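Just so you know, all these numbers are worked out from the coordinates, no wet-lab data involved. The structure presented is a predicted model; accordingly, all values stated were derived computationally and were not measured. Note that we place each Cβ from the backbone using ideal geometry, even for glycine, and neighbour counts take in every protein chain shown.
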Amino acid sequence: MAKINDNYLKLKAGYLFPEIGRRVRGFAAAHPEAKVIRLGIGDVTQPLTPTILKAFHDAVDDLAQASSFMGYGPEQGYDFLIEAIIEKSYKPLGVELKNTEMFISDGSKCDCANILDIFALDNTVAIGDPVYPVYNDTNVMIGRTGEADEKGYYQGLVYLPCTEENGFMPAFPSQKVDMIYLCFPNNPTGAVATKEQLKGWVDYALANDSIILFDAAYEAFITDPSIPHSIYEIEGAKKCAIEFRSFSKTAGFTGVRCGLVVVPEELEGTTSTGEKYSFNKLWLRRQTTKFNGASYPVQKAAAAVYSEEGWKETKENIDYYMENARIIREGLSGAGLTVYGGVNGPYIWLKTPVGLSSWDFFDKLLTECHVVGTPGSGFGPSGEGFFRLSAFGNRDNVIEAVERIKKNLK
Ligand code: PLP
């Protein structure tokens, strides 16, 4: 009989979102009259903007004529999109990138997972706690870890607590690590890194020959002009960092699917025999072998985000979500809760009232306010006692949810 990859069996059974779904379905079945408002999973609610939609439609029409039909595209993505991103999104930050350093994909979740293909299994990996669960679970699946302990920490991974005390900014690992995941603006805490803080990480990585896997999925939500949008704004980062970005939240592409990875040409690792080798070459090889590119209409739609009108409309949607974030943040802090995030990112990270665990507060909000959020403990042990609300709901629902919570907590 074929053997399974039993690393998968090490994963904890009740993955966060299925468990939330189970509890919400149970409640809704028992209370069909309740209007449940979901501010849990970070899915967007605003439709594609008119300019993006038109580009999408036009590209589909191109496929209808032999003269403009497009078949397989370049595995790394079309130059029209790569150039638009480099010109409109990186150049204004003072970051120069070559086309060959950028790889378009069908989303950032796959990229964050697939990147592990080009790293040896015996690299030591550090991740935040709490953290976007994909970093943790994909390392478990690929076989880099032992079993989880009773707290949920996997043997072999280095966890960097992100707590109220350290302002949700992890301290440098006390042992040498080869790979470090950083995510700013952070999911779930909403924390951002200043230029000085990011410089600290780049200096750490350069001094320790580590690679930073920098997840910038929420960079478009930064409102403070002093906060970096890309790790490459920091000198030396091209020698030590891979950056991930996504169109999902920025432009409403959660269902459309488009993301990108930057793997600079200067970025090197060593072979098992100690010679230097380019990660860019490896990633190109990986993508050309295992991926056939994001679809042409999707890439045309993504490129439209960078047109003048496209960006204006996209920015309006981002502002809409950030106004939701303000309403949640101010409403709940006015109701006496301690609230973090929601200023430079679309997540509000609140402290659960004294005596209530993350899941207690989840059940209280669901059953008493009919509002769904995400228990902080689902993102890692240091998330216990916290709760995440997403600003991606529609405005009326956000206002109603905040009013219900305020009334309940009075
Ligand atoms: N990275 C972070 C931190 C996220 O929160 C998400 C989605 O929620 C992703 C990556 C994945 O985004 P995508 O929809 O591009 O796969």
Here the relative contact order (percent) of the chain, from C-alpha pairs under 8 Å and at least 6 apart, is 23 percent
Can you list residues from other chains, or at least 5 along the same chain, whose modelled amide H is less than 5 Å from the amide H of G341? W349
I need the phi-derived Karplus couplings for the stretch 111-126: 6.51 cos²θ - 1.76 cosθ + 1.60, θ = phi - 60°, integer Hz, Gly and Pro marked x. 4, 4, 7, 5, 4, 4, 4, 9, 10, 5, 5, 8, 5, 8, 10, 10
Out of residues 5 or more away from D106 or on other chains, whose amide H comes under 5 Å of its own, with H placed 1.01 Å from N in the peptide plane? G259
So which GluC sites (Glu not before Pro) in the stretch 247-335 pass both tests, a DSSP loop state and at most 15 other Cβ atoms within 10 Å of the Cβ? E265, E266, E275
Each residue of the stretch 354-365 in order: what ³J(HN,Hα) in whole Hz does its phi give by Karplus 6.51 cos²θ - 1.76 cosθ + 1.60, θ = phi - 60°, with x for Gly and Pro? 3, x, 10, 6, 4, 6, 4, 5, 4, 5, 5, 5
How many nm separate the modelled label positions at R326 and E275, each set 7 Å beyond the Cα in the direction of the Cβ? 5.8 nm
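Test of understanding: what is the full-extension gain from K195 to I4, defined as 0.36 nm times their sequence separation minus their Cα-Cα distance?
64.3 nm
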Classify the stretch 95-222 from the C-alpha gyration tensor, please: rounded if a/c falls under 1.5, else prolate or oblate depending on whether a/b exceeds b/c. rounded
Which value results for Rg/Rh of the stretch 285-405 when Rg is the Cα radius of gyration and Rh the Kirkwood radius based on the inverse mean 1/r? 1.12
Amide H neighbours of C183 at under 5 Å, excluding residues fewer than 5 places away on the same chain, with H built from the backbone geometry, are D215
What's the Cα-based Rg to Rh of the chain, Rh via Kirkwood? 0.96
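Counting only other residues whose beta carbon sits under 11 Å from that of G341, what net charge do I get with K and R as +1, D and E as -1?
+2
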In the stretch 47-132, the GluC sites (Glu not before Pro) that fall in loop regions by DSSP, at most 15 other Cβ within 10 Å: E96
Taking a threshold of 22 Å on the Cα-Cα distance, which of the pairs K3/K109; K91/K195; K238/K315; K35/K109 fall above it? K3/K109; K238/K315; K35/K109
Return the sequence-ordered ³J(HN,Hα) values of the stretch 146-159 in whole Hz as given by the Karplus equation 6.51 cos²θ - 1.76 cosθ + 1.60 applied to θ = phi - 60°, using x for Gly and Pro. x, 7, 7, 7, 5, 7, x, 7, 8, 4, x, 9, 9, 9
I need the semi-axes of the equivalent ellipsoid of the stretch 186-336: take the C-alpha gyration tensor, multiply each eigenvalue by 5, square-root it, list largest first in whole angstrom. 31, 23, 12
